[in-house]
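J.: This structure is in structure tokens; I'll ask about it shortly.
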Amino acid sequence: MPKIGIIVIVNACIWGFVMIMCSITLKGTGAYQEIQLILAGGAAASLVLTGGLGVKKKPKK
């Protein structure tokens with residue numbers, strides 16, 4: 001199950017990047033539309049990563 005650990009770390013890195021981008025965007029203004037797009041992109045990447053590469057049931061023998 002080391003693959004699960006890697007997925008969790010990569011997912012955390014994606015959300016860390018999303019938070020940094022939000023703070024940069026918020027630096028001077030309250031630009032909601034820009035932040036909404038960044039968060040939506042992060043959420044989509046997280047869903048793809050954890051849904052597509054996440055924990056999968058092993059086929060029964």
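J.: Is there any pair with a first residue in the range 21-48 that is of a type in the set (Ser, Thr, Tyr) and a second that is open to solvent by 40 Å² or more (accessible area, probe 1.4 Å) whose Cβ atoms are under 7 Å apart and which are 6 or more apart or on different chains, and what are they?
T.: THR25/GLU34; THR25/ILE38; SER46/ILE14; SER46/TRP15
J.: Sticking with this one: Which of the residues that make up the range 20-61 are outside any helix (DSSP H, G or I), at pLDDT below 75 and open to solvent by 50 Å² or more (accessible area, probe 1.4 Å)?
T.: GLY30, LEU53, VAL55, LYS56, LYS57, LYS58, PRO59, LYS60, LYS61
J.: Anything in the range 1-19 that is open to solvent by less than 70 Å² (accessible area, probe 1.4 Å) and free of Cβ contacts under 8 Å to residues at least 24 places away in the same chain? List them, or say none.
T.: To start, the set of residues in the range 1-19 that are open to solvent by less than 70 Å² (accessible area, probe 1.4 Å) comprises 4-5, 7, 10-12, 14, 16, 18.
GLY5, ALA12, GLY16 - these are the residues of the range 1-19 that are open to solvent by less than 70 Å² (accessible area, probe 1.4 Å) and free of Cβ contacts under 8 Å to residues at least 24 places away in the same chain.
The values are calculated or read from the model by the stated rules, or taken from the named source; none is laboratory data. Note that the structure is predicted; figures quoted are calculated from it, not measured. Ideal geometry is used to build each Cβ from the backbone, glycine not excepted, and the neighbour counts take in all protein chains shown. Accessible surface is based on the protein model in full, side chains and every heavy atom, while ligands, DNA and RNA are left aside. Shrake-Rupley method; radii C 1.70, N 1.55, O 1.52, S 1.80 Å.
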